[in-house]
Amino acid sequence: MPAQDRQTLSLPSLRNLQAFIAVANALSIHQAAEQLNVTPSAVSHQIASLESWLGKKLFIRSGKGVQLTPTGEKYLREVSAAMSAIGRATDQIVKEKDNAVLRVHSSPTFGLSWLLRRLGRFRAEYPDITINLTCSYENLQFARDNIDIDIRHGIPDWDAYRVMTIKNDTLVVLASPGYAEEHPISTPADLLQQSLISSTSTLVNWEKWFAWHNIDRPWLNFSLSFDRSYMSFEAARMGLGFILESKMMATDHLKDGSLVQVLPDEMGIAINAHHLVMPHMNERAWKIQQFVEWIDRELRLSGYHL
């Protein structure tokens with residue numbers, strides 16, 4: 001194909017790409033032809049057409065079959081990911097019902113301790129939107145992992161995305177009512193000899209909290225340590241020690257009385273560690289706009305906001 005004609009094309013033929021991936025995986029034109037239900041000559045023609053379009057050799061032919069060139073190996077890695085993404089997106093559209101599906105990924109503690117407890121109210125208000133919720137601490141890729149909005153925990157350094165931070169949160173010391181009564185605390189220093197539950201995922205740990213209060217701590221008595229804050233909440237509810245956690249995440253525990261705050265707010269540390277993250281183009285989607293506005297309304301019921 002002449003260079004001037006090729007420049008008018010933004011993408012090679014999808015059929016040619018399918019043939020390329022099939023041959024690259026099988027390393028055989030005949031096997032690829034069987035998989036694609038076409039003749040070997042048709043596959044050979046599609047490969048030749050793609051190589052002509054690219055101006056590069058993708059395969060080395062031999063009596064034993066074909067082998068990828070270094071260029072072919074690189075191209076396979078790139079186009080396989082793209083074709084997989086197209087396949088997943090197409091499958092989702094084909095299988096999707098008429099109602100809107102909102103795919104939300106969340107950090108585990110926010111998803112399990114806050115969001116999941118409120119999804120019933122969202123469903124009552126927006127029955128036409130189906131929530132697909134997954135939870136992990138991994139920062140997923142929106143297109144590759146097919147998610148619309150990501151609720152992340154951490155320092156907001158995602159400049160390429162729209163980031164909406166949940167504000168007015170505080171790290172406070174919490175315990176079960178019975179445990180707090182048996183181990184009375186009136187100052188931060190009183191906690192030095194107590195059983196402390198450590199959450200390794202928090203942005204501010206016990207060591208930083210004591211340093212914030214100018215308290216020397218040659219050693220701390222950690223009775224338990226978890227890599228998920230929701231586990232620390234459960235351990236504290238069971239009366240196993242004191243935790244230093246987000247007051248926002250503890251909203252429902254404080255409301256139902258399963259946890260109490262053992263020191264006043266002024267002894268806590270202000271922190272804004274949870275963020276709604278999305279590609280800028282997603283802001284315009286109706287389902288995302290409704291979800292964001294609903295979260296903000298729910299947050300404001302307890303004194304927080306976006």
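Structure summary
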quantity	calculated
Filter result (under 40 Å from the mean Cα position of the chain (by Cα) and in a loop (DSSP other than H, G, I, E, B)) within region 10-51	SER10, LEU11, PRO12, SER13, LEU27, SER28, ASN37
Flag if LEU224 is more than 25 Å from TYR304 (Cβ to Cβ), assigned to a strand (DSSP E or B), in contact with a helix residue (DSSP H, G or I) (Cβ under 8 Å, 6 or more places away or on another chain) and open to solvent by 30 Å² or more (accessible area, probe 1.4 Å)	yes
Pick from region 258-290, criterion among the small types (Gly, Ala, Ser) and farther than 25 Å from PHE122 by Cβ, ranking: surrounded by the most Cβ atoms within 10 Å (Cβ to Cβ)	GLY268
Condition met for LEU171 (touching a helix residue (DSSP H, G or I) at 6+ places or on another chain (Cβ under 6 Å) and surrounded by 15 or more Cβ atoms within 10 Å (Cβ to Cβ))	no
All positions within region 135-151 that are in contact with a Ser or Thr (Cβ under 9 Å, 6 or more places away or on another chain) and at pLDDT below 95	CYS135, SER136, TYR137, LEU140, ARG144, ASP145, ILE147
Candidate set: region 191-215, residues that are assigned to a helix (DSSP H, G or I) and over 12 Å from MET267 (Cβ atoms); chosen: the one farthest from the chain's Cα centre (by Cα)	GLN193
Pair list, Cβ under 8 Å, 6 or more apart: region 279-306 residue in a helix (DSSP H, G or I), other residue of a type in the set (S, T, N, Q)	GLU283/GLN289; ILE288/ASN282
Failed criterion for ASN99 (all others in (1) open to solvent by less than 70 Å² (accessible area, probe 1.4 Å); (2) touching a strand residue (DSSP E or B) at 6+ places or on another chain (Cβ under 6 Å); (3) at pLDDT 85 or above hold)	(3)
Residues within region 8-51 that are within 19 Å of MET83 (Cα to Cα), touching a helix residue (DSSP H, G or I) at 6+ places or on another chain (Cβ under 9 Å) and open to solvent by 70 Å² or more (accessible area, probe 1.4 Å), tallied	7
Residue identified as closer than 23 Å to THR187 by Cα and either modelled with pLDDT under 95 or in contact with a Leu (Cβ under 6 Å, 6 or more places away or on another chain) (or both) among ASP265, ASP227, ASP296	ASP265
Check on ASN221, without any contact (Cβ under 8 Å) to a residue 40 or more places away in the chain, at positive phi and not acidic (Asp, Glu)	no
Residues of region 52-80 satisfying the condition of being of a type outside the set (Val, Ile, Thr), open to solvent by less than 100 Å² (accessible area, probe 1.4 Å) and part of a strand (DSSP E or B)	PHE59, SER62, GLY65, LEU68
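The values are calculated or read from the model by the stated rules, or taken from the named source; none is laboratory data. A quick note: this is a predicted structure, and the numbers were derived from the prediction, not measured. Because the Cβ atoms are built from the backbone with ideal geometry, glycine has one as well, and the counts that use them run over all protein chains shown. Remember, those area values only see protein heavy atoms, side chains included, never the ligands or the DNA or RNA. Shrake-Rupley method; radii C 1.70, N 1.55, O 1.52, S 1.80 Å.
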